[in-house]
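For reference, the structure discussed in these notes is given below.
The values are calculated or read from the model by the stated rules, or taken from the named source; none is laboratory data. Just so it is clear, the structure is predicted and the values come from calculations on it, not from any experiment. Note: ideal-geometry Cβ built from the backbone for every residue, glycine included; neighbour counts use all protein chains shown. What goes into the accessible areas is simple: the full protein's heavy atoms, side chains included, and nothing from ligands, DNA or RNA. Shrake-Rupley method; radii C 1.70, N 1.55, O 1.52, S 1.80 Å.
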Amino acid sequence: MATIAIYSLKGGVGKTTLAVNLAWSSAMLSSRRTLLWDLDPQAASSYLLGDRKVKEPAQAVFSKDVEPEKLIHRTAIDRLDLLPADASLRGLDLLFHELDKKKRLQKLLSGLRKSYDRILLDCPPGLTDTSDQVMRAADLIVVPVIPSPLSERAFAEVVKHLGSEAQVLPVHSMVDRRRKLHAEALARHPDWPIVPMASVIESMTVRRAPVGSFAGKSPSGQAFAHLWMRIEKRLAQ
């Protein structure tokens, strides 16, 4: 089992878009038993994959020793399950601080090892106690970076915080090659994967479905597929 965190210091950079489409790619393109764990209180991934009401709040997995399996439900996508988020996760940073258990998330993930081949974490933005838990637990951290100086600066802060680039994969997201600023950023990092800015990606929120499920042959669908294959190769190393 491998854990892939989709994380950014900044919000609004396409993090949830990556998380949902990579989870779909894991389940459908690699036939992996996949879990998408939504850790963001905005619960955008949960909404896109068909959020359902559960008996316990999302934070109960951390605060009440509720088994994660009790909150997990199947999605409409074969081999893809969801552990949904809700507003209770707004207090997760404080909870982690009070618990003083640095590897609480890692322990919970270990308990899911037999059930899943890949677990993807849709993480809230910011350098927080939650992000520290994620960085300890993840085998790979995928960081969406908009081609701009501020977003690149935020990525540099993530690498600085980790102390190494070994477990980080930056991805240029929301790319518009017609923009000079974007073209310059792509030239600085020609080896970074690219996800374009496209209306087909924006339509995910209307369809409530990953791009691969309705436009897999589009440039955007192919971009997510190629990115997933790169992640699989990285994990195999």
Q. How large is the dipole of the chain about the Cα centre if only Lys and Arg carry +1 and Asp and Glu carry -1, each at its Cβ, rounded to the nearest 20 debye?
A. 460 debye
**Q.** Where trypsin sites (Lys or Arg not before Pro) fall in DSSP loop in the range 1-65, at most 12 other Cβ within 10 Å
**A.** Arg52, Lys53, Lys55, Lys64
Q) How would you classify the range 99-233 from its alpha-carbon gyration tensor, with a ≥ b ≥ c the square roots of the eigenvalues: rounded for a/c under 1.5, else prolate if a/b is greater than b/c, otherwise oblate? A) oblate
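Would you mind telling me the share, in percent, of accessible area of the chain contributed by carbon and sulfur at probe 1.4 angstrom?
Result for the chain: 50 percent of the exposed heavy-atom area is carbon or sulfur.
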Q) What GluC sites (Glu not before Pro) does the range 150-237 have in DSSP loop regions with at most 16 other beta carbons within 10 Å? A) Glu165
Q) Shape of the range 44-149 from its Cα gyration tensor (a ≥ b ≥ c, root eigenvalues): rounded if a/c is under 1.5, otherwise prolate when a/b > b/c, or oblate? A) rounded
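Write out the trypsin sites (Lys or Arg not before Pro) in the range 138-209 meeting two conditions: DSSP loop, and at most 16 other Cβ atoms within 10 Å of their Cβ.
On the way: sites: Arg153, Lys160, Arg177, Arg178, Arg179, Lys180, Arg188, Arg207, Arg208; in loops: Arg177, Arg178, Arg179, Arg208.
The qualifying sites are Arg177, Arg178, Arg179, Arg208.
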Q. Residues of the range 72-230: accessible area per residue at 1.4 Å, in Å²?
A. 50 Å²
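Using a Förster distance of 30 angstrom, determine the FRET efficiency expected from the C-beta separation of Asp65 and Ser30, and round it to 0.05. If you can, show how the numbers build up before the last one.
On the way: r = 32 Å, r/R0 = 1.07.
Efficiency computed from Cβ-Cβ geometry: 0.40.
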Q: Return the subset of Lys15/Lys160; Lys64/Lys107; Lys10/Lys101; Lys53/Lys107; Lys64/Lys103; Lys10/Lys55 for which the Cα-Cα distance in this structure is over 23 Å, preserving the input order.
A: Lys10/Lys101; Lys53/Lys107; Lys10/Lys55
(Q) I'd like the distance separating the alpha-carbon centroids of the range 157-181 and the range 87-106, in whole Å. (A) 26 Å
Q | Answer label for P(r) over Cα pairs in 10 Å bins from 0, in percent (calculated), chosen among (i) 8, 34, 38, 17, 2, 0; (ii) 7, 25, 26, 25, 14, 2, 0; (iii) 8, 33, 34, 19, 7, 0 | A | (i)
Q) Summing +1 for each Lys or Arg and -1 for each Asp or Glu, what net charge is found among the other residues whose Cβ lies under 13 Å from the Cβ of Glu232? A) +3
